[in-house]
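Engineer: I'd like to ask some things about the structure below.
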Amino acid sequence: MTDTLSPELLRRYADARIPRYTSYPTAPNFSAEVGEADYRHWLASLPSTDASLYLHIPFCRAMCWYCGCHTTVAAREAPVLRYLHCLRQEIELVARYTRDLLSIRHIHFGGGTPTLMPVNEMQSVIEHLRRHFSVALNSEIAIEIDPRTLSYEMAAVLGLCGFNRASLGVQSFDLAVQQAINRVQAFEAVESAVRLLRSNGLRRINFDLIYGLPKQSLQSCLETVERALTLRPDRFAVFGYAHVPSFKPHQRRIDGASLPDSETRFAQSRAIAEALVRAGYIEIGLDHFALPDDPLATAAAAGRLHRNFQGYTTDEAEVLIGLGASSIGRLPQGFVQNQVRIPEYERLVRECRLPVARGYRFADDDRLRGAIIERLMCDHRVDLGTICQRFGAEPAVVLGSASLGPLIADGLLERQGTQVRVKPHARPLVRSIAAAFDAHLSADDQHSRGV
């Protein structure tokens, strides 16, 4: 078996619907069996420890047709202000149970478009977090930004509030692609946003790019990379477009016939990766790239890279508190997800209730398999002996339950004793390889394509 991916092999694995493994077990396994009472107990039983916060702001000015996030269009300010009032209430509710025991090392604002809120509201939310949680002086405070709507005033407030990393949705600079996904943004808008952010102290800049979009060609992918490189962001995240119109109805506006096939998607992803590596970026995990001095590259080199709902991260905290509608948190006992529908989320918070909709309680086997999958996704290799020893499990039992034979026969994987390694040419298929250790994976689950 040669160390290459044949077209037949690529199609077989790339067309499979596989989780992104930003969590294990994945969200389709969450249920209403975990509710508010469980979350209260889990929060109250937390020891003094490091933790992270994720705040979800589910509003945008317009809907991008490719979007897979929980968000809604806000044409008026009133719904945003009402939501932010409830968000501050939820912060207070959670803080009652944690009793100043958490040292916050990472804060991430996602959406939606968090910078859509008025500048005074941004200040208010940050002040509320600092008032109710112990935020470490050297914490990373990051925010997702639509460069088309970033104002000078908001950039200045972000700097004053202590934000130090921003993630900008670039996706593509090809106008035909932008029009096909309802997100037209000039290069100059991104350039201006980067300049504003850096001049206000947000030195760490991430760009998100997407391949597999309608009307996207290999050449337009490379031209987007070339233009993006002139702004020298610290990181790139390069995602494949996930077309799931049955789950996200607005994606029906995208003509499925205009989407590239698996071979073209793979060629686009590898061309982008190779261009970024040539430009001096370190390829990290499945889909991230970072400059050598970026903390993500340092963590990857040291084997300390982790994966959570924001993708690859340096965050080592076992506790992630999710705040806002649809947000997901992780505690030592399991996952909790808030109500997705904004009116229901707001109703529960107004009633002074934790707005939990569903969750998942970990079994010992989940912790074991989650650790295995995380190392494969982060390092492309795993020592099953070491991880099994940590969890009191037998490597032979784990190996016996994982269908590694076909992966080895297809030349994607090699195993020596309890050491499992993804072959370099097969790294773009690491999600399919990680799935061999997924005891919950069901063909009925809705996931994105393997590439």
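The values are calculated or read from the model by the stated rules, or taken from the named source; none is laboratory data. Remember, predicted model here, so these are calculated numbers, not experimental data. Note that each Cβ is placed from the backbone with ideal geometry, even for glycine, and that neighbours are counted across all protein chains shown. Protein only, heavy atoms only, side chains kept; ligands, DNA and RNA dropped before computing areas. Shrake-Rupley method; radii C 1.70, N 1.55, O 1.52, S 1.80 Å.
Engineer: Give the residue, chosen from R11, R20, that is of a type in the set (D, E, K, R) and either under 23 Å from the mean Cα position of the chain (by Cα) or open to solvent by less than 20 Å² (accessible area, probe 1.4 Å) (or both). Show your work before the answer.
Structural biologist: On the way: R11 fails: either under 23 Å from the mean Cα position of the chain (by Cα) or open to solvent by less than 20 Å² (accessible area, probe 1.4 Å) (or both).
Answer to the check: R20.
Engineer: Something else about it: So for segment 207-217 (the condition being out of contact with any helix residue (DSSP H, G or I) (no Cβ under 9 Å at 6 or more places or on another chain), without any contact (Cβ under 8 Å) to a residue 60 or more places away in the chain, buried (at least 16 other Cβ atoms within 10 Å of the Cβ) and assigned to a strand (DSSP E or B)), does at least one residue qualify?
Structural biologist: yes
Engineer: Please tell me if A62 is small (G, A, S) and modelled with pLDDT of 95 or more.
Structural biologist: Answer is no for this residue.
Engineer: What residue, among those in segment 62-77 that are hydroxyl-bearing (S, T, Y) and touching a Cys at 6+ places or on another chain (Cβ under 9 Å), is nearest to I145 (Cα to Cα)?
Structural biologist: T71
Engineer: Next question, about the same structure. I need the full set of residues from segment 303-315 which are open to solvent by less than 40 Å² (accessible area, probe 1.4 Å) and either charged (D, E, K, R) or more than 27 Å from T26 (Cβ to Cβ) (or both), in order please.
Structural biologist: Scanning segment 303-315 gives R307, D315.
Engineer: Could you please give the count of residues in segment 268-298 that are assigned to a loop (DSSP other than H, G, I, E, B), at negative phi and touching a helix residue (DSSP H, G or I) at 6+ places or on another chain (Cβ under 6 Å)?
Structural biologist: Counting residues in segment 268-298 that are assigned to a loop (DSSP other than H, G, I, E, B), at negative phi and touching a helix residue (DSSP H, G or I) at 6+ places or on another chain (Cβ under 6 Å) gives 2.
Engineer: Taking R227, is it over 18 Å from the mean Cα position of the chain (by Cα) and without any contact (Cβ under 8 Å) to a residue 12 or more places away in the chain?
Structural biologist: no
Engineer: While we're on this one: Only residues that are of a type outside the set (D, E, K, R), part of a strand (DSSP E or B) and more than 29 Å from S432 (Cβ to Cβ): list them for segment 1-51, please.
Structural biologist: T49, A51
Engineer: Which of the residues spanning segment 270-302 are open to solvent by 40 Å² or more (accessible area, probe 1.4 Å) and not aliphatic (A, V, I, L, M)?
Structural biologist: Correct list: R270, E274, R278, E283, P292, D293, P295, T298.
Engineer: Looking only at residues in segment 345-358 that are part of a loop (DSSP other than H, G, I, E, B) and in contact (Cβ under 8 Å) with a residue 12 or more places away in the chain, which one is farthest from G385 (Cα to Cα)?
Structural biologist: Applying the first criterion (part of a loop (DSSP other than H, G, I, E, B)) to segment 345-358 yields 351-355.
Keeping just the survivors that are in contact (Cβ under 8 Å) with a residue 12 or more places away in the chain gives 352-355.
Numbers: C352: 46, R353: 43, L354: 40, P355: 40 Å.
Among them, the one singled out is C352.
Engineer: Among all residue pairs at least 6 apart or on different chains, which show Cβ distances below 6 Å where the first residue, located in segment 175-201, is under 11 Å from P147 (Cβ atoms) and aliphatic (A, V, I, L, M) and the second is open to solvent by less than 30 Å² (accessible area, probe 1.4 Å) and part of a loop (DSSP other than H, G, I, E, B)?
Structural biologist: Pairs found: A189/P147; V190/P147; A193/P147; A193/L150; V194/L231.
Engineer: Filter segment 332-344 down to residues that are in contact with a Phe, Trp or Tyr (Cβ under 8 Å, 6 or more places away or on another chain) and not in a loop (DSSP other than H, G, I, E, B), then give me how many there are.
Structural biologist: 6
This table checks each residue for (1) in a loop (DSSP other than H, G, I, E, B); (2) buried (at least 21 other Cβ atoms within 10 Å of the Cβ).
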residue: Y360; (1), (2): no, yes
residue: R367; (1), (2): no, no
residue: L376; (1), (2): no, yes
residue: A393; (1), (2): yes, no
residue: A396; (1), (2): no, no
residue: L407; (1), (2): no, yes
residue: G411; (1), (2): yes, no
residue: R415; (1), (2): no, no
residue: V430; (1), (2): no, yes
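Engineer: Going through G322, G303, G329 one at a time, which residue ends up being outside any helix (DSSP H, G or I), over 17 Å from the mean Cα position of the chain (by Cα) and of a type in the set (G, A, S)?
Structural biologist: Result: G303 is the single residue among G322, G303, G329 that is outside any helix (DSSP H, G or I), over 17 Å from the mean Cα position of the chain (by Cα) and of a type in the set (G, A, S).
Engineer: Kindly establish whether H85 is surrounded by fewer than 16 Cβ atoms within 10 Å (Cβ to Cβ) and not acidic (D, E). Full working, then the answer.
Structural biologist: Working: surrounded by fewer than 16 Cβ atoms within 10 Å (Cβ to Cβ): yes; not acidic (D, E): yes.
It is true that H85 is surrounded by fewer than 16 Cβ atoms within 10 Å (Cβ to Cβ) and not acidic (D, E).
Engineer: Output the residues belonging to segment 218-269 that are basic (K, R), at pLDDT 95 or above and surrounded by 17 or more Cβ atoms within 10 Å (Cβ to Cβ).
Structural biologist: Scanning segment 218-269 gives a single hit, R235.
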